[in-house]
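Only one structure is covered here, and it is reproduced in the block below.
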Amino acid sequence: MNTTVLSAINEQINSEFEASYRYLAMAGFCERQKFMGAAKWLRLQSEEERQHGLKLFDFVLARDGAVDLKAIDQPSASFDSLAAVFEQALVHEQRVTVEINTLYELCFKEKSFAEMAELQWFLTEQVEEEKVAREIVAKFRLVKNDPAAILDIDRELGARTTIMGPAR
Ligand SMILES: [Fe+2]
Ligand SMILES: [Fe+2]
């Protein structure tokens with residue numbers, strides 16, 4: 001594997017595990033506020049991000065590259081409101097999209113074709129991740145501080161049962 005590309009993919013593995021940790025911290029915050037539906041949704045999202053990290057972990061090993069796991073930054077665990085949690089989640093997903101785009105561009109420049117093929121899955125996944133986060137944020141913006149409506153959204157989030165991860 002091209003060493004620049006390998007190092008960039010290792011950075012992305014770290015980013016995915018960091019996202020997993022970040023969503024887990026959000027889940028903890030929501031559960032303490034007794035928003036059990038949101039907490040469940042965020043726990044599943046944390047698991048989904050872990051799967052993203054593992055997908056790249058497996059890919060690097062399949063390419064006979066060395067996985068280089070790095071330290072994970074401490075996630076923030078306090079938020080102004082339930083809505084603020086999802087506002088932050090959306091901003092974070094948009095940041096990850098930029099990372100994936102940059103990584104894809106690097107692979108293109110380095111003619112790392114197998115890596116481009118692998119990253120296509122992540123490009124598609126980020127479209128979905130942003131779409132889902134944007135829909136949730138839109139609901140919170142609509143209902144503002146209406147407690148009954150917020151509880152409805154929490155219940156709706158709690159209906160999530162699966163991770164929408166890759167077919168691996
Ligand atoms: Fe991800
Ligand atoms: Fe994500």
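Brief remarks on what is shown
- Residue match in the stretch 29-51 (condition: over 23 Å from G158 (Cα atoms), under 14 Å from the mean Cα position of the chain (by Cα) and within 16 Å of ligand 1 (Cβ to nearest atom)): no
- Filter pass, R32 being within 12 Å of ligand 2 (Cβ to nearest atom), closer than 25 Å to T161 by Cα and either polar (S, T, N, Q) or modelled with pLDDT of 95 or more (or both): no
- Residues located in the stretch 44-84, provided they are within 14 Å of ligand 2 (Cβ to nearest atom) and either on the phi > 0 side of the Ramachandran plot or not acidic (D, E) (or both): L44, Q45, S46, R50, Q51, H52, G53, L54, K55, L56, P75
- Checking F86, F79, F113 one by one, the residue that is aromatic (F, W, Y), out of contact with any Cys (no Cβ under 9 Å at 6 or more places or on another chain) and modelled with pLDDT of 95 or more is F86 and no other.
- Of everything in the stretch 69-80 that is of a type in the set (D, E, K, R) and touching a residue at least 24 places away in the same chain (Cβ under 8 Å), the residue that is farthest from D152 (Cα to Cα) is K70.
- Count of residues meeting criterion [more than 11 Å from ligand 2 (Cβ to nearest atom), small (G, A, S) and surrounded by 14 or more Cβ atoms within 10 Å (Cβ to Cβ)] in the stretch 86-132: 1
- Residue list for the stretch 8-44, restricted to those being among the polar types (S, T, N, Q) and in a helix (DSSP H, G or I): N10, Q12, N14, S15, S20
- Residues located in the stretch 92-135, provided they are away from ligand 1 (no atom under 16 Å from the Cβ) and either among the acidic types (D, E) or within 17 Å of E48 (Cα to Cα) (or both): E105, E110, E115, E135
- Enumerated helices (runs of 4 or more DSSP H) restricted to the stretch 64-165, each holding at least 1 residues that are in contact with a Pro (Cβ under 9 Å, 6 or more places away or on another chain): 113-143
- Subset of the stretch 133-168 (residues that are over 16 Å from the mean Cα position of the chain (by Cα), exposed (fewer than 12 other Cβ atoms within 10 Å of the Cβ) and not small (G, A, S)): R141, L142, K144, N145, D146, P147, T161, R168
- Out of A39, A83, A62, A66, sole residue that is surrounded by fewer than 18 Cβ atoms within 10 Å (Cβ to Cβ) and touching a residue at least 12 places away in the same chain (Cβ under 8 Å): A66
- Members of the stretch 52-61 found to be within 15 Å of ligand 1 (Cβ to nearest atom) and of a type in the set (A, V, I, L, M), listed by number: L54, L56
- For the stretch 112-159, a tally of residues being among the basic types (K, R) and without any contact (Cβ under 8 Å) to a residue 24 or more places away in the chain returns 3.
- Only one of the numbered conditions (1) surrounded by fewer than 19 Cβ atoms within 10 Å (Cβ to Cβ); (2) within 23 Å of K139 (Cα to Cα); (3) more than 14 Å from ligand 2 (Cβ to nearest atom) is not met by T3, and that is (2).
The values are calculated or read from the model by the stated rules, or taken from the named source; none is laboratory data. Keep in mind that what you see is a predicted model, and the values were worked out from it rather than measured. Don't worry about glycine lacking a Cβ; one is built from the backbone with ideal geometry, like all the others, and counts go over all protein chains shown.
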